[in-house]
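As structure tokens, the structure follows; a few thoughts come after it.
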Amino acid sequence: MPRRHKGNKNTLLVVAAAAITVVIGVLILIWLSGRPAKETREIDLYFSDEEGLYLKAEKRSIDTGPLVTEARAALNELMEGPESASFAPALPSGTRLIGIVIEGKTATVDLSKEIVENHPGGSSFEIQTVYSVVNTLALNFPEIEEVQILVEGKKTDTIAGHIDVTLPLGPDLKIIKD
């Protein structure tokens, strides 16, 4: 009676495992290719103009999803700054989004301390800082009518000494330049 070698058994196991891996990989690729691409929508982000006197809109695309997810995406894009050289950032460098909560028609935006610590001051720049956030949210999302700005989870009187941010603010169209 011929003797079987253990090597043949091991080879069969390796070949079977490889075949199963290939089949699973092909099934995953088929599944991924059949998934619809993420839908996006275009929004306006508000940055300082060249003279530092007004806000100007710059178009960006964000993934669609629940309101809070889209609002967070809009603010994260705002934090990254403008793509066009004809715009200037309206937020001080290092400013980060800590969180956003939407209750009713009010979005509460929690920003890092750098919004205050790195702010260069001046009433014009403070107006642009505050309303870049407020206008980006309130003018892109009809569900949001006003924005409460927090710094490190707490209300603050002002960002740089000029604009009261203790209460939620609505958008300001007068500072937008086309």
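Read the figures in this text as sums done on the coordinates, not as results from a lab. Bear in mind that the values here come from a model prediction, so they are computed numbers and not experimental data. With ideal geometry, Cβ positions are generated from the backbone for all residues, glycine too; neighbour counts draw on all protein chains shown.
Farthest toward the positive end of the dipole of the range 1-155, out of 64, 54, 90, is the Cα of 64, where the dipole comes from beta carbon charges about the Cα centre. Pull up the DSSP beta bridges for the chain and report the antiparallel fraction as a percent, rounded to 5. In the chain, approximately 70 percent of DSSP beta bridges are antiparallel ones. About the centre of its Cα atoms, the chain shows a dipole size close to 1980 debye [charges on the beta carbon of Lys, Arg (+1) and Asp, Glu (-1) only; nearest 20 debye]. Lysine pair count for the range 6-160 with Cα-Cα distance under 21 Å and sequence separation of 8 or more or different chains is 5. When you restrict to C-alpha pairs under 8 Å that are six or more residues apart and normalise by the size of the chain, the relative contact order lands at 19 percent. Relative to the longest principal axis of the Cα atoms of the chain, the long axis of helix 6-34 lies at roughly 30 degrees.
Spin-label model, residue 53/residue 84: points 7 Å from Cα along the beta carbon direction are separated by 1.8 nm. When the Cα positions of 140, 100, 75 are compared along the charge dipole of the range 40-168, 100 comes out farthest toward the positive end, with charges on each C-beta of Lys, Arg, Asp and Glu.
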